[in-house]
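Remarks on the structure that follows.
The values are calculated or read from the model by the stated rules, or taken from the named source; none is laboratory data. Not measured: the values here are computed from a predicted model. Here the Cβ positions follow ideal geometry from the backbone for every residue, glycine too, while neighbour counts run over all protein chains shown.
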Amino acid sequence: MRTAPPSQCDTRPSGPLRVDAIVIGRNEGTRLLACLDSLAGQVQRIIYVDSGSTDGSVAQAEARGAEVVALDMSRPFTAARARNAGLQHLGVSGTPGLVQFIDGDCVLDTGWLAQATDFLAHHPDVAVVCGRRRERAPEASVYNWLCDQEWNTPVGETRACGGDALMRRDALLAVGGYRDTLIAGEEPELCVRLRHAGWRVWRLDHEMTLHDAQMFRFSQWWNRTRRAGHAFAEGAFLHGAPPERHWVTETRRAIVWGALLPLLILLSAVVSPLLAAALALLYPLQFLRLSRRMRPIAAFYSVLGKCPEALGVIEFHLNRLRGSQRDLIEYK
């Protein structure tokens with residue numbers, strides 16, 4: 001039975017808010033240890049969901065006091081399934097409960113939970129609050145830098161959060177948790193359902209986590225962007241109808257710029273090279289247009305990224321028509 005959010009007019013603290021943490025990871029090594037250390041003393045329980053690590057992560061997490069859940073790897077892995085497994089292990093508490101979700105390659109800022117819990121205590125209609133996620137070493141590669149730019153999103157009421165966020169457990173459970181089958185984009189999809197249930201999502205102008213992408217190769221960026229295209233397509237398939245139109249625009253852009261236009265250029269080259277050249281000029285024109293509101297290197301990768309995004313979109317629909325599920329697209 002779905003529970004309705006409290007009245008938006010009620011801004012009184014709703015009582016003590018217990019905070020637990022769910023960490024997910026696989027073979028994160030020292031990054032996992034840093035993540036767990038950043039949570040120590042800030043939350044009551046730390047649930048670490050491991051997805052088949054072979055680097056001793058399980059033993060190291062247990063040594064640091066985390067409760068370890070070994071994910072069943074006989075089924076296809078998704079981060080959504082790992083987070084749901086953490087929620088199931090956490091169980092249901094009789095007191096108002098919050099869950100800090102965090103990826104094992106991230107470190108929690110020491111002041112984040114105090115700010116976030118206070119905000120939720122005074123805004124009982126908000127189910128999810130997130131903050132600033134930064135890349136640990138944006139100067140190490142252009143791909144790390146692109147991640148850091150991706151995390152830099154507007155503050156205030158928003159439509160979705162990322163993998164790191166503080167959530168009300170009762171709201172999360174009331175909408176059925178994460179959608180297990182999604183290989184990416186599970187947090188925005190969850191936020192769609194939370195907003196449909198009357199809850200709000202908020203991003204604070206406060207440091208939340210440091211992320212360690214460790215992306216140094218073009219192939220890593222390509223695979224990560226292809227995964228984003230898959231997420232766009234699946235999100236649009238699930239919630240693309242009005243008025244939500246979830247990721248419909250992003251999917252359409254990927255198909256137009258990453259698939260239809262290249263195909264049209266190739267076909268035109270057979271009958272009219274001049275027409276093909278004219279169509280190809282649309283790419284530098286798009287680059288110049290985007291460069292007016294972002295740095296040129298970001299504009300370049302935004303244009304180029306439509307090709308792997310389009311591949312991800314096509315992959316999703318081909319698998320959907322075949323009735324099969326795509327395995328996780330990994331980039332590390």
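LEU290: hydrophobic (A, V, I, L, M, F, W, C), within 27 Å of ALA184 (Cα to Cα) and part of a loop (DSSP other than H, G, I, E, B), yes or no? So LEU290 fails the test.
Only one of the numbered conditions (1) buried (at least 17 other Cβ atoms within 10 Å of the Cβ); (2) in a helix (DSSP H, G or I); (3) of a type outside the set (Val, Ile, Thr) is violated by HIS246, and that is (2). Filtering segment 300-332 to residues that are surrounded by fewer than 17 Cβ atoms within 10 Å (Cβ to Cβ) and among the basic types (Lys, Arg) leaves ARG320, ARG322, LYS332.
Listed by position, the helices (runs of 4 or more DSSP H) contained in segment 137-238 that have at least 1 residues being under 13 Å from the mean Cα position of the chain (by Cα) are 142-151, 186-196.
Would you say ALA114 is more than 21 Å from the chain's Cα centre (by Cα), assigned to a helix (DSSP H, G or I) and assigned by TED's automatic domain parsing to the domain that holds LEU182?
yes
Summed over segment 169-192, the residues that are within 20 Å of ARG320 (Cβ to Cβ) and either crowded, with 20+ Cβ neighbours inside 10 Å or at pLDDT 95 or above (or both) give a count of 10.
Checking each residue in segment 263-275 for being in a helix (DSSP H, G or I) and either hydroxyl-bearing (Ser, Thr, Tyr) or crowded, with 17+ Cβ neighbours inside 10 Å (or both) picks out ILE265, SER268.
Say whether the condition of being farther than 20 Å from LEU190 by Cα, outside the structural domain of ILE183 (by TED's automatic domain parsing) and without any contact (Cβ under 8 Å) to a residue 24 or more places away in the chain is met by at least one residue in segment 234-252.
There is at least one residue in segment 234-252 that is farther than 20 Å from LEU190 by Cα, outside the structural domain of ILE183 (by TED's automatic domain parsing) and without any contact (Cβ under 8 Å) to a residue 24 or more places away in the chain.
The rows are residues; the columns are (1) closer than 17 Å to ARG203 by Cα; (2) modelled with pLDDT of 95 or more.
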| site | (1), (2) |
| --- | --- |
| ALA127 | yes, yes |
| VAL142 | no, yes |
| TRP145 | no, yes |
| GLU150 | yes, no |
| THR158 | yes, yes |
| ASP164 | yes, yes |
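Scanning segment 293-310 for residues that are in a helix (DSSP H, G or I) and either touching a strand residue (DSSP E or B) at 6+ places or on another chain (Cβ under 8 Å) or touching a residue at least 60 places away in the same chain (Cβ under 8 Å) (or both) yields ILE297, ALA298, TYR301, PRO308, GLU309, ALA310.
In segment 66-108, of all residues being closer than 14 Å to SER53 by Cα and acidic (Asp, Glu), the one that is modelled with the lowest pLDDT corresponds to ASP72. As a summary of the residue check, ALA259 satisfies the conditions (1) free of Cβ contacts under 8 Å to residues at least 60 places away in the same chain; (2) among the hydrophobic types (A, V, I, L, M, F, W, C); (3) outside any helix (DSSP H, G or I); (4) surrounded by 12 or more Cβ atoms within 10 Å (Cβ to Cβ) except for the one numbered (3).
Tell me whether segment 165-184 contains one or more residues that are among the polar types (S, T, N, Q) and out of contact with any helix residue (DSSP H, G or I) (no Cβ under 9 Å at 6 or more places or on another chain).
Looking for residues that are among the polar types (S, T, N, Q) and out of contact with any helix residue (DSSP H, G or I) (no Cβ under 9 Å at 6 or more places or on another chain), one finds none in segment 165-184, hence no.
A single member of VAL99, VAL49 is without any contact (Cβ under 8 Å) to a residue 60 or more places away in the chain, out of contact with any Phe, Trp or Tyr (no Cβ under 7 Å at 6 or more places or on another chain) and crowded, with 20+ Cβ neighbours inside 10 Å, and it is VAL49. If only residues of segment 118-142 that are surrounded by 20 or more Cβ atoms within 10 Å (Cβ to Cβ) and among the β-branched types (Val, Ile, Thr) are counted, the one that is nearest to TRP199 (Cα to Cα) is VAL126. Considering (1) part of a helix (DSSP H, G or I); (2) closer than 30 Å to ASP180 by Cβ; (3) among the hydroxyl-bearing types (Ser, Thr, Tyr), the lone condition that TYR331 does not fulfil carries the number (1).
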